[in-house]
Amino acid sequence: MVRPLLVVPFGGPDDPLEQLKSCDQARYILCYLADLNARSALVEPTYFDRDYLSEFASFYCTSTAGYPNVCKRVHYFSTEIDRELLTDACSGVSQAQKLLNAHYLGFVVLRPIQGTPLGRTVLRWYGDKTPHLPRVDTPSRNYEAHIAGFSLQVRGLAWQQQDSGVGACATIALWSMLHSSAFDDRHVIPTTAEITQTAHRAGLTGDRLFPSEGLTFGQLVAAVRDSGFAPLVVTGKVQCGHETSFSREHFCSSLAALVRSGFPVLIAGTLTETGGALVGGHAVCATGFRQAGAVDESVGQLSFEDENTEYVYLHDDNIGPSVRFRIDVETRSEGEVVILRPSRPPPQHAPARNDPVADYPCLRPSSLLAAAHEEIRISPDRLHERALHLGTMLIAMTGGQIGLSASARFFNLRHFVGAELGRLLDHHPQALAKVRLALWEEVHPMSLHLGVIRIGYKGTPLMDVLFDTTDSEPNTRAFAHLVYESAMEGLLDGLVAQRPDADRLLGPRVLATS
Amino acid sequence: MTPEPQENRGSLWTTSAGATGVVPKEQFQPNPNVTAKDVQAAVDRVKDRAATFSGRVSEHSLRASVESSR
């Protein structure tokens with residue numbers, strides 16, 4: 001049986017996605033690829049997909065519909081390709097392989113399930129048009145697709161459509177989360193069927209396992225824990241009836257801290273129509289956000305650096321991967337709460353395709369969930385609380401003469417001491433060596449993951465406090481604080497003289513000034 | 001030095017340390033009239049704001065989230 005690889009024009013009648021135009025998610029992906037200037041597609045007519053095989057074994061193999069166990073995989077390119085180029089790549093011509101990789105936009109797996117065909121999909125991000133305010137997409141990772149002896153690489157995070165057989169929206173969001181770049185080295189990514197089975201292990205909800213109609217938040221937390229991770233839960237503190245919602249400061253700071261740390265974030269919330277009518281509960285996965293400009297600190301105030309974040313990128317199984325949502329606030333009787341509105345950038349292609357995002361409802365987040373390494377025992381909320389206290393004390397020491405900004409995130413120790421300090425002190429090689437050696441030789445042996453609070457002024461880092469992440473909250477202490485600006489020394493000396501808890505709050509000082 | 005417009009500034013996680021001329025050193029001095037009590041009072045004033053980040057998840061809020069994640 002011959003199964004030829006097909007090269008077809010993007011968006012033409014032979015493009016398998018074009019044949020699915022009645023599906024909202026396929027229309028979104030076609031728009032997304034058109035904006036990436038897609039020109040051609042390479043179709044693998046037979047592809048065994050790990051996730052679909054798991055779904056097949058758990059559910060579809062016993063259906064009388066007689067579903068096959070084989071998928072298609074379609075690769076997209078931003079250049080015209082032909083059979084000759086493909087043959088060259090297969091024969092080992094590196095120029096052909098480089099050309100294909102340079103124009104590779106990613107792939108879509110098509111399941112043989114008519115109602116929900118879109119399986120594992122990884123697409124390249126749009127080019128960043130404002131690199132001074134970058135899109136923060138730390139959770140993305142590299143995926144490699146092997147075709148007839150050559151490989152194609154794409155950086156992104158996997159998305160798929162919920163099939164409602166073995167996975168609903170929460171399962172899919174969790175599945176995307178566990179693809180994070182943060183977990184490359186030690187964890188196997190569970191399939192959607194495994195996630196649903198893990199979530200139901202305790203069997204307390206009274207719901208059947210398959211077909212899956214959804215997971216409760218408690219089941220999601222259990223699935224994260226039973227997959228070998230620590231669930232980090234952040235819940236909105238604004239009570240709106242029976243729901244909780246977030247203030248902008250709390251939502252943006254927490255989301256940014258987790259995404260910057262490399263952890264995609266599951267957002268559980270409520271879909272609402274314009275005008276406030278409830279559509280229902282929903283879960284999505286945040287994979288990135290657009291960094292806001294440095295905050296203009298008010299004198300006498302501590303600001304959180306990411307509190308003005310304007311856009312977040314969501315993998316939404318109802319729409320597609322990396323859908324841009326604007327972070328707005330809605331005024332309710334209980335106060336101002338965050339609401340996420342779909343806000344796709346203007347189309348970069350003409351004529352513009354029919355975009356399913358335009359009519360999509362808003363999402364009001366109620367809880368955030370991230371899967372972190374088990375060793376991380378402190379939450380981003382606690383880091384922000386400490387940052388708030390430290391910044392407030394420093395401002396008070398000046399008699400309220402200055403305003404400061406603060407931010408927090410987790411770092412792997414080697415990434416902090418290596419890449420982060422290297423970037424931060426790139427113009428000060430002597431200070432860099434001094435700090436790195438001091439951290440290795442003079443500071444208490446540090447944990448694999450650090451909680452880092454950064455205090456700054458007008459976008460410039462002034463100091464970092466490095467926290468142990470392995471202890472209980474009351475006992476958590478700082479390993480050290482690094483001072484990047486000599487003007488901070490007097491303030492810190494004053495604080496140490498006044499506060500008996502300064503050692504726990506700051507740890508020993510390491511000067512990172514030239 | 002004229003500060004850069006806000007939209008061109010990087011963030012605390014993208015800017016290098018030691019950018020000259022940004023920090024007004026004369027304002028970054030401890031005020032001799034500020035006592036330990038004053039500092040504690042400032043911390044007390046942000047108590048409500050800090051409670052937002054207390055990290056505790058109430059049973060009620062978790063129950064609410066149960067429905068919203070379906």
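Only the coordinates and a few stated rules stand behind these numbers; no lab work does. It should be emphasised that the depicted structure is a prediction, and the values quoted were computed from it without experimental measurement. No Cβ is skipped: glycine too gets one built from the backbone with ideal geometry, and neighbour counts run over all protein chains shown.
Applying 0.36 nm per residue to the separation of A:Leu6 and A:His349 and subtracting their alpha-carbon distance, the gain on full extension is 121.0 nm. Amide hydrogen proximity for A:Thr272: with H placed 1.01 Å from N in the peptide plane, the residues at 5 or more positions away or on another chain lying under 5 Å are A:Val279, A:Cys362, A:Leu363, A:Arg364.
The HN-Hα couplings worked out from phi for the stretch A:469-477 by the Karplus form 6.51 cos²θ - 1.76 cosθ + 1.60 (θ = phi - 60°) are 10, 9, 10, 6, 4, x, 9, 4, 10 Hz, whole numbers, x standing for Gly and Pro. Judged by the mean number of other Cβ atoms found within 10 Å, the most tightly packed of the peptides A:108-121, A:36-49 leads the ranking A:108-121, A:36-49. Enumerate the lysines that A:Lys237 could reach by cross-link, defined here as Cα to Cα under 25 Å, with residues fewer than 8 away along the same chain left out. In chain and number order, the partners are B:Lys47.
As I understand it, the value is the acute angle between the Cα axis of helix A:248-260 and the longest principal axis of the Cα atoms of chain A; what does it come to in degrees, rounded to 10? Around 70 degrees separate the two axes. Of all lysines in the structure, the ones whose alpha carbon falls short of 18 Å from that of A:Lys458, not counting any fewer than 8 places away in one chain, are B:Lys25. If you plug each phi of the stretch A:330-347 into the Karplus form 6.51 cos²θ - 1.76 cosθ + 1.60 with θ = phi - 60°, what whole-Hz ³J(HN,Hα) values come out, in order, with x for Gly and Pro? Result, ordered by residue: 10, 8, 10, 4, 7, x, 8, 10, 6, 9, 9, 10, x, 8, 6, x, x, x Hz. Note on A:Leu437 and A:Ser514: the model spin-label points, each 7 Å out from Cα along the C-beta direction, lie 1.9 nm apart. Rounded to the nearest 10 degrees, the angle from helix A:24-35 to the longest Cα principal axis of chain A is 70 degrees.
Using a simple spin-label model with pseudo-atoms 7 Å out from Cα toward Cβ, A:Glu80 and B:Gln29 lie 7.2 nm apart. The peptide list A:146-152, A:277-283, A:135-141, put in order of mean Cβ contacts within 10 Å with the highest first, becomes A:135-141, A:277-283, A:146-152. Residues of the stretch A:457-498 with amide nitrogen under 18 Å from the 7 Å Cα-to-Cβ point of A:His427? The answer is A:457-463, A:483-488, whose backbone nitrogens lie closer than 18 Å to the label point.
Annotation: amide H of A:Ser40 within the under-5 Å range of A:Phe10, A:Phe77, A:Thr79, sequence separation 5 or more or interchain, hydrogens built in the peptide plane. Full extension of the segment from A:Ala230 to A:Lys98, taken as 0.36 nm per residue of separation minus the current Cα-Cα distance, would add 43.5 nm. Dipole size of chain A about its Cα centre, with +1 on Lys/Arg Cβ and -1 on Asp/Glu Cβ: approximately 500 debye, rounded to the nearest 20.
Think of the protein assembly as shown as having a plus end and a minus end, set by charges on the Cβ of Lys, Arg, Asp and Glu; of A:Ala370, B:Ala42, A:Tyr76, A:Tyr76 sits farthest toward the positive end of this dipole. Enter the angle in degrees (range 0 to 90, nearest 10) between the Cα long axis of helix A:488-498 and the first principal axis of the Cα atoms of chain A, meaning the one along which they spread out most. Taking Cα atoms only, the helix is inclined about 60 degrees.
With a 10 Å cut-off around each Cβ of A:395-404, the average count of Cβ atoms from other chains is 5. Take each residue of peptide B:32-45, count the partner chain Cβ atoms within 10 Å of its Cβ, and average: the result is 4. In this simple spin-label model, placing a label point 7 Å from the Cα along the Cα-to-Cβ direction at both A:Glu330 and A:Ser151 gives a separation of 4.5 nm. Calculate the length of the line joining the C-alpha centroid of the stretch A:362-416 to that of the stretch A:16-43, in whole Å. When both Cα centres are located, 40 Å separates them.
Amide H contacts for A:Leu462 (H built 1.01 Å from N in the peptide plane; partners 5 or more residues away or on another chain; cut-off under 5 Å): A:Ile455, A:Gly456, A:Tyr457.
Of all DSSP-defined beta bridges confined to the stretch A:367-514, some 90% are antiparallel rather than parallel.
Karplus-based coupling profile of the stretch A:46-60, in residue order and whole Hz: 10, 8, 8, 9, 4, 5, 5, 4, 5, 5, 4, 5, 7, 9, 6, with θ = phi - 60° in 6.51 cos²θ - 1.76 cosθ + 1.60 and x standing for Gly or Pro. Inter-chain neighbour count for A:290-300: the average number of beta-carbon atoms from partner chains within 10 Å of each residue's beta-carbon is 3.
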